[in-house]
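Data first, discussion second: the structure below is written as structure tokens.
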């Protein structure tokens, strides 16, 4: 009786369906180190970001340049009735903003890569020239009495998001005047970081021309705001992988291995704020959303690539286990669950090798070396496990196809979903065809 029960238990564990269930448990177990590896990738990425933050904090952050504009304060009068019923005259200072009629920006962005340990950080220095014209500020829109206009307290303001990175003194050429920029945005322009030039009524004509140069350092990106009635920006740089961002893309651009050239031309009708307004209406909060410019895009981020590749770990495990199991069924050989476990561990190790090598060799080279190491390891192990050199070569071929397919998916992010769906369909079709005649309740080894 005991012998019969033992035979039944043995037959149960030799059933193909039972073996599939066991392999499913092994896949679940192997996903645990995959989760840990994903955590290591996130930790290394965080370390890289800390280094980037440290370097850019000393050099200069992402630069957003807004302006110039003119701020003219004026006295606003009104009357109100107090609690005793008396009419009381009140006065406060309001600030009118005036944007330029035209704004032209010519710029050259020179980028270099700095290293801190194994990490690299792209930094740039921008040489910019701003020019354009202003009409004389007209406050009649707000019925301001000429005697209430504080011409001696008006400013031309230019906003620089990280003003610490301005590397030289800057002078404003205003009509026939040469005026030096002062630190800060001026008392009447709010708390924006930037620079300003005090003006007065004597420097204004009906039409006023201005120009100034600005040399500054930065990292990651360089952005502008369309403050002119007509805004034109021409920017060139030596970074071969620019990423144009913001509300407007360049109307003309040229990208080569040596750098890029881009030109924007934006009429004021395309923005959501007027040519002049009084502060306190919430318009200032809308300005940042209209910024446009260029980011120093990193062509291949090894940490992002590593995290994306880890998502395919379960697919690799399932497909490789399916190949070994099909050999086990067709060749009537026994493959112990420990063999599956060691092969799966090798597949999991790939992601750690890929990450560690990519930090020193770059993603493409690291991916090639890591995949070659795992293919050699697994196929060499399968020579003994499958008792056949030919079968081991087939395993190596399947792994090579899988790694090649994964690389194509990773480097073609826009088509990742399409390629992934087609790959899964083809894989499922092959597995269905290969297992169509299996007796799932029979003995897996015959």
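Considering every residue within the stretch 349-369, establish whether at least one is within 28 Å of residue 422 (Cα to Cα), over 32 Å from the mean Cα position of the chain (by Cα) and assigned by TED's automatic domain parsing to the domain that holds residue 34.
The answer is no; no qualifying residue exists.
Do we find that residue 381 is modelled with pLDDT of 85 or more, touching a helix residue (DSSP H, G or I) at 6+ places or on another chain (Cβ under 8 Å) and not in a loop (DSSP other than H, G, I, E, B) in this structure?
Details: modelled with pLDDT of 85 or more: yes; touching a helix residue (DSSP H, G or I) at 6+ places or on another chain (Cβ under 8 Å): yes; not in a loop (DSSP other than H, G, I, E, B): yes.
Spelling it out, residue 381 is indeed modelled with pLDDT of 85 or more, touching a helix residue (DSSP H, G or I) at 6+ places or on another chain (Cβ under 8 Å) and not in a loop (DSSP other than H, G, I, E, B).
Return yes when residue 246 is free of Cβ contacts under 8 Å to residues at least 40 places away in the same chain, in contact with a strand residue (DSSP E or B) (Cβ under 8 Å, 6 or more places away or on another chain) and on the phi > 0 side of the Ramachandran plot and no when it is not. Before you say what the answer is, go through the steps one by one.
Numbers: free of Cβ contacts under 8 Å to residues at least 40 places away in the same chain: no; in contact with a strand residue (DSSP E or B) (Cβ under 8 Å, 6 or more places away or on another chain): yes; on the phi > 0 side of the Ramachandran plot: yes.
In short, no.
Is it the case, given these coordinates, that residue 192 is at pLDDT below 90, over 30 Å from residue 258 (Cα atoms), under 42 Å from the mean Cα position of the chain (by Cα) and surrounded by 17 or more Cβ atoms within 10 Å (Cβ to Cβ)? First the steps, then the outcome.
Numbers: at pLDDT below 90: yes; over 30 Å from residue 258 (Cα atoms): yes; under 42 Å from the mean Cα position of the chain (by Cα): yes; surrounded by 17 or more Cβ atoms within 10 Å (Cβ to Cβ): yes.
Against the criterion (at pLDDT below 90, over 30 Å from residue 258 (Cα atoms), under 42 Å from the mean Cα position of the chain (by Cα) and surrounded by 17 or more Cβ atoms within 10 Å (Cβ to Cβ)), residue 192 qualifies.
Somewhere in the stretch 127-134, is a residue at positive phi and touching a strand residue (DSSP E or B) at 6+ places or on another chain (Cβ under 6 Å)? Explain how you work it out, then say what you get.
To start, the set of residues in the stretch 127-134 that are at positive phi comprises 132.
Pick out the ones that are also touching a strand residue (DSSP E or B) at 6+ places or on another chain (Cβ under 6 Å) and you get 132.
Yes: the stretch 127-134 contains one or more residues that are at positive phi and touching a strand residue (DSSP E or B) at 6+ places or on another chain (Cβ under 6 Å).
Where in the stretch 214-331 are the strands (runs of 3 or more DSSP E), entirely inside, with at least 2 residues that are exposed (fewer than 14 other Cβ atoms within 10 Å of the Cβ)? Walk me through it before giving the result.
Details: elements: 221-224, 230-237, 242-246, 252-256, 259-267, 276-278, 292-296.
Filter on the stretch 214-331 gives 252-256.
Looking at the stretch 137-153, is at least one residue assigned to a strand (DSSP E or B), farther than 17 Å from residue 276 by Cα and in contact with a strand residue (DSSP E or B) (Cβ under 8 Å, 6 or more places away or on another chain)? Step through it out loud before you land on a result.
Of the residues in the stretch 137-153, the ones assigned to a strand (DSSP E or B) are 149.
With farther than 17 Å from residue 276 by Cα added as a condition, the list becomes none.
No: zero hits.
If a residue has to be closer than 30 Å to residue 215 by Cα and in contact (Cβ under 8 Å) with a residue 12 or more places away in the chain to count, how many in the stretch 41-80 make the cut?
Taking the stretch 41-80 and keeping what is closer than 30 Å to residue 215 by Cα, we get 48-73.
When the remaining residues are screened for being in contact (Cβ under 8 Å) with a residue 12 or more places away in the chain, the result is 48, 51-52, 54-56, 59-73.
The total comes to 21.
Can you pull out every residue in the stretch 25-38 that is closer than 17 Å to residue 350 by Cα and over 20 Å from the mean Cα position of the chain (by Cα)? First the steps, then the outcome.
Of the residues in the stretch 25-38, the ones closer than 17 Å to residue 350 by Cα are 27, 29-38.
Within the stretch 25-38, 27, 29, 30, 31, 32, 33, 34, 35, 36, 37 meet the criteria.
Condition first: more than 32 Å from the chain's Cα centre (by Cα) and either touching a residue at least 60 places away in the same chain (Cβ under 8 Å) or not in a helix (DSSP H, G or I) (or both). Now tell me which residues in the stretch 386-416 satisfy that. Spell out the reasoning first.
Taking the stretch 386-416 as the starting set, the residues that turn out to be more than 32 Å from the chain's Cα centre (by Cα) are 386-398.
Within the stretch 386-416, 386, 387, 388, 391, 394, 395, 398 meet the criteria.
If we scan the stretch 56-76, do we find a residue that is closer than 30 Å to residue 343 by Cα and not assigned by TED's automatic domain parsing to the domain that holds residue 281?
Within the stretch 56-76, the subset closer than 30 Å to residue 343 by Cα is none.
No.
Looking only at residues in the stretch 332-342 that are free of Cβ contacts under 8 Å to residues at least 40 places away in the same chain and part of a helix (DSSP H, G or I), which one is surrounded by the most Cβ atoms within 10 Å (Cβ to Cβ)? It would help to see each step written out before you state the result.
Applying the first criterion (free of Cβ contacts under 8 Å to residues at least 40 places away in the same chain) to the stretch 332-342 yields 336, 338, 342.
Checking the rest, the ones that are also part of a helix (DSSP H, G or I) come to 338, 342.
Details: 338: 10, 342: 14.
Here the answer is 342.
Check 103, 30 and return the single one that is surrounded by 13 or more Cβ atoms within 10 Å (Cβ to Cβ) and part of a strand (DSSP E or B). Give the steps one after another, and end with the answer.
Details: 30 fails: part of a strand (DSSP E or B).
Being surrounded by 13 or more Cβ atoms within 10 Å (Cβ to Cβ) and part of a strand (DSSP E or B) holds for just one of 103, 30, which is 103.
I'm checking my understanding of the structure. Among residues of the stretch 148-189 that are in contact with a helix residue (DSSP H, G or I) (Cβ under 7 Å, 6 or more places away or on another chain) and free of Cβ contacts under 8 Å to residues at least 40 places away in the same chain, which one is surrounded by the fewest Cβ atoms within 10 Å (Cβ to Cβ)?
Checking each candidate, the answer is 175.
Taking the stretch 249-269 as the region of interest, how many residues are in contact (Cβ under 8 Å) with a residue 12 or more places away in the chain and either out of contact with any strand residue (DSSP E or B) (no Cβ under 9 Å at 6 or more places or on another chain) or closer than 14 Å to residue 96 by Cα (or both)?
3
The values are calculated or read from the model by the stated rules, or taken from the named source; none is laboratory data. Keep in mind that this is a model prediction, so the values were computed, not measured. Note that we place each Cβ from the backbone using ideal geometry, even for glycine, and neighbour counts take in every protein chain shown.
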